[in-house]
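Encoded as structure tokens, the structure appears first; notes follow it.
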Amino acid sequence: MTSNNNLFDPVKNLQEIEEKFEMVQILNENGEIVNDALDPKLSDEELVELMSRMVFTRILDQRSISLNRQGRLGFYAPTAGQEASQIASHFALEKEDYILPGYRDVPQIVLHGLPLWKAFLWSRGHFVGGQIPEDVNVLPPQIIIGAQYIQTAGVALGMQKRGKKSVAVTYTGDGGSSQGDFYEGINFAGAFKSPAIFIVQNNQFAISTPRALQTSATTIAQKGVAAGIPSIQVDGMDPLAVYVATRDARERAVAGEGPSFIETVCYRYGPHTMAGDDPTRYRSSETDSEWEKKDPVVRFRKYLEAKGIWSEEKETEVIEKAKEEIKAAIKQADGVQKQKVTDLISIMHKDELPYNLKEQYEIYKEKESK
């Protein structure tokens, strides 16, 4: 019901806010620039590098799914369809920035410096996979939905207190925006004007729950407004749009203007994870086909080919190199000593074991020696 009082119309206020969130796009589905004013004008070398990283990520996803089915990886969340959202946002970051990923965001932290073999060990649940090199500014992927948002607010505040010209960046899915940690994180960062970039990858489904049932908000981006954060919705299948949104958010953050919120509208082509999810039970083939027409890798390929800086030969070269890197990484992961229960107990208690664990430690030590 709309209020008859012209001075008080909350429904109209909501509609006006929602209408402001038009999805930003620079590169359309045919690989054509449709918003020249926003074109970041990346150099040919930068464009080729961005495409190479996206192709690497697509191959990593394919190989990881295969390794999972072979029993050589543990937990794995497919990434195909989200390459522009993930890799183009990372492309706008600097090495000194800190990434706090969700469980689907392994590609970004690998590109940020985490050795791929350690990422494979993390998937297996091996403690070595969580031992991050000191010069790599990432945390292990967060399994608890939305928890990384609160952590990001804290990391960003720490950077702010130390006067660092860097940002803390985090990712979650559309389902993560329904968590309490999500709201607490953006509110905290907004209140302290901390240098954080909050990214929601709206891939349309939180496991089997469609985005429409997650919230009645027309956009997820508008949720940042309540926390006083500059917020934007971008075409998450468009690498140029994602790059520009993240670049601009970073520039504002290091200039002391506080956090930003970015919703990338994208799609995951595979299941939620390889742990038994069957997307055919809640997604139609028609929906899949429509999103396949928006494929970020295909879209960017068309753009680069039209510029004469990408070819089938170049892509094949990148693919073969990626396969070799993945092969070497899984071999190195296979060479790490298998994890033991006594290892976990020792790691958790460096000084003296609690009395209730001393007996268990001896029991497992004896079992492991046989």
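Quick note: the coordinates plus some simple rules give every number you see, no bench work behind them. These figures come from a predicted structure and were not determined experimentally. Quick reminder, even Gly has a Cβ in these numbers, built from the backbone with ideal geometry, and neighbours come from all protein chains shown.
For residue 32 and residue 128, what does the FRET efficiency come to when R0 = 35 Å and r is the distance between their Cβ atoms, rounded to the nearest 0.05?
Taking R0 as 35 Å, the efficiency between residue 32 and residue 128 is 0.15.
Between 0 and 90 degrees, rounded to the nearest ten: what's the tilt of helix 10-19 against the longest Cα principal axis of the chain?
So the inclination is approximately 80 degrees.
Can you tell me the order of 293-304, 270-281, 213-224 when each peptide is scored by its average per-residue count of other Cβ atoms within 10 angstrom, highest first?
Packing order, densest peptide first, comes out as 293-304, 213-224, 270-281.
Let a ≥ b ≥ c be the square roots of the eigenvalues of the Cα gyration tensor of the stretch 203-287; is it rounded (a/c under 1.5), or, if not, prolate (a/b larger than b/c) or oblate?
Values: a/c = 2.69, a/b = 1.96, b/c = 1.38.
Prolate, since a/c reaches 1.5 and a/b exceeds b/c.
Which one of 80, 150, 203 is farthest out on the positive end of the charge dipole of the chain, using unit charges on Cβ (Lys, Arg +1; Asp, Glu -1) and the Cα centre as origin?
150
As an exercise, identify the trypsin sites (Lys or Arg not before Pro) in the stretch 28-131 lying in DSSP coil whose Cβ has no more than 16 other Cβ atoms within 10 Å. Let's see the in-between values first.
Values: sites: 41, 53, 58, 63, 69, 72, 95, 104, 118, 124; in loops: 41, 72, 95, 104.
Listed in order of number, the matching sites are 41, 72, 95.
Can you match semi-axes √(5λ) of the Cα gyration tensor in Å to one of these, [x] 41, 25, 18; [y] 38, 38, 17; [z] 35, 27, 21, based on a calculation from the structure here?
[z]
Quote the relative contact order of the chain in percent (integer), defining contacts as alpha-carbon pairs under 8 Å separated by 6+ residues.
Once divided by the residue count of the chain, the mean separation gives 22 percent.
For the Cα atoms of the chain, what angle does the longest principal axis make with the long axis of helix 312-334, in degrees from 0 to 90, nearest 10?
40 degrees
Could you pull out the GluC sites (Glu not before Pro) across the stretch 200-309 that fall in loop regions by DSSP (anything but H, G, I, E, B) with no more than 14 other Cβ atoms inside 10 Å? Each step should come with its number before you reach the end.
Working: sites: 251, 257, 263, 286, 290, 292, 305; in loops: 257.
Answer by residue number: 257.
For the stretch 270-334, just say rounded, prolate or oblate: build the C-alpha gyration tensor, square-root its eigenvalues into a ≥ b ≥ c, call rounded for a/c under 1.5, and beyond that prolate if a/b exceeds b/c, oblate if not.
oblate
Mind pulling the angle between the C-alpha long axis of helix 180-192 and the longest principal axis of the chain? Nearest 10 degrees, somewhere in 0 to 90.
70 degrees
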